[in-house]
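Derivation of every value follows stated rules applied to the coordinates shown; laboratory data play no part. Treat the numbers as computed from the prediction; the structure is a model and nothing was measured. We place every Cβ from the backbone using ideal geometry, glycine too, and count neighbours over all the protein chains shown.
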């Protein structure tokens, strides 16, 4: 074990946690204060005052997630009945159009259950076209948007409506809508005759895994929703107890105490769990909830502690593993801070939601708002409306056109490789991180995600990878609202072919480009170094992979 690190455990009937902490007194004091303040029972009774007066208005309408393990029970039968009806009609291919909290939870829920679900969470025209061409005659499309105004989801809905109509299929027989009551999407859906499921409006998107947003697409795909809710209910009493053994207080207290000590990143690694994609869901929950006011906890998702480029060796990272394998007997976090959680998926989700809310209290921030997410949306809209400034490339290197924000790229740089080297050289060696943002087809171009490991090994710093535009609805909040310690590498490309958005004055590629450029401009306005490598075609991706893997 790590020298100077204390280890202990807590557990219940179906869950077990192990904790390691470099500063036992600071950690114990944090948890004891949370107990003394009645934070766990306060969250359970939806006390909006727990995060201070500035957060009270927002938290007052965002706490209903604490009761979802029982409140969502009626959905189990409703969704099962609809699935039986649809399957009886030969409709067994479920497609989910959604972003952020509307897509990440169903993706991991279905993956854990081993049932297929096609998740369309992109504006990439090639990716959208592939989804439209895949078994349309057997497709049921779930359109999920909490606000009802998410432009990506609206564009995807329009594309499927057009495809169904062109194929002689009534869209009303194939489209299911999940949204909040009174949203623009609800009215549109009811006017069109679509089936509509309304979610609890007092649950934020990233806490909505056990609402209709997580359950409807998962249940239609074939997940046993009753089991998932039972798993969450099994840990709920422990999470509501004002006790030093409360797993939510202990995980949240550890994350908060470590962050206050300068260990403000958490490496999320799978350790033999049956839901290897859990990190992608937890990443959004933690990053978007805590990354604001210049503080926050940065999640770094890695496949396992054995993955190349594993970043737990940096002293600013907590190591968090999910699953039954206790890795700390052969892996030593340099920070001395770590924990592992072994629990079924429903329990994991509720535990991490509690822990994130607790960490927010320890850090003194509101874990339920996302003040910087809208800035990227606004910038993208300005680009589409012709009001934004189109960036000028710095140079072109073969099939790669290079763009860079002002102030960091050395004058005279003429190759993509040298530009990447300059970006990486600017990383703070003690607190910095690298993030790759790929605005591409995440199915066709999946191999690009492997550069995360190469860059982590090259820099010796925590490195994240996100698919655009989906990350804009999750870690995008941290990038702009959290500490100014990151460097940002965007990868964009011309598509194989563009695709019209029916009824809109822009195409999918134009929209995707506006999202990348708009977010890059907002990052630059916040003083973040941004490098964008734009490919002449998808076939040139190997060129960028070679540069980033060198």
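List of remarks:
- Residue 6-residue 54 FRET efficiency (beta carbon distance; Förster radius 56 Å; 0.05 resolution): 0.95
- Separation of the stretch 4-33 from the stretch 364-424 is 41 Å, based on Cα centroids.
- Averaging Cα coordinates gives a centre for the stretch 449-490 and one for the stretch 250-309; these two points are 13 Å apart.
- The distance between label points at residue 14 and residue 406 comes to 5.7 nm (points 7 Å beyond Cα on the Cα→Cβ vector).
- A protection proxy built from the mean count of other Cβ atoms within 10 Å ranks the segments 28-34, 162-168, most packed first, as 28-34, 162-168.
- A value for volume of the Cα convex hull per residue in Å³ was derived from the coordinates, and within the list (i) 131; (ii) 141; (iii) 158 it appears as (i).
- DSSP beta bridge pairing in the chain, given as percent antiparallel to the nearest 5: 30
- Projecting label points 7 angstrom from Cα along Cα→Cβ for residue 147 and residue 33 puts them 3.5 nm apart.
- Site pair residue 496 and residue 138 shows an inter-label distance of 2.1 nm when each label is modelled 7 Å from Cα along Cα→Cβ.
- Computed over the stretch 373-549, the ratio Rg/Rh where both radii use C-alpha atoms and Rh is Kirkwood: 0.94
- Using C-alpha pairs below 8 Å separated by at least 6 residues, the relative contact order for the stretch 373-549 is 34 percent.
- As a length-normalised measure over Cα pairs under 8 Å and 6 or more apart, the relative contact order of the chain settles at 18 percent.
- Solvent-free Debye scattering, log10 I(q)/I(0), computed from the Cα coordinates of the stretch 72-228 at q = 0.11, 0.15 Å⁻¹: -0.36, -0.70
- Extension reserve of the residue 428-residue 73 stretch, reckoned as 0.36 nm per residue once the Cα distance is removed: 123.0 nm
- R0 of 56 Å, Cβ-Cβ distance residue 381-residue 329: FRET efficiency to nearest 0.05: 0.60
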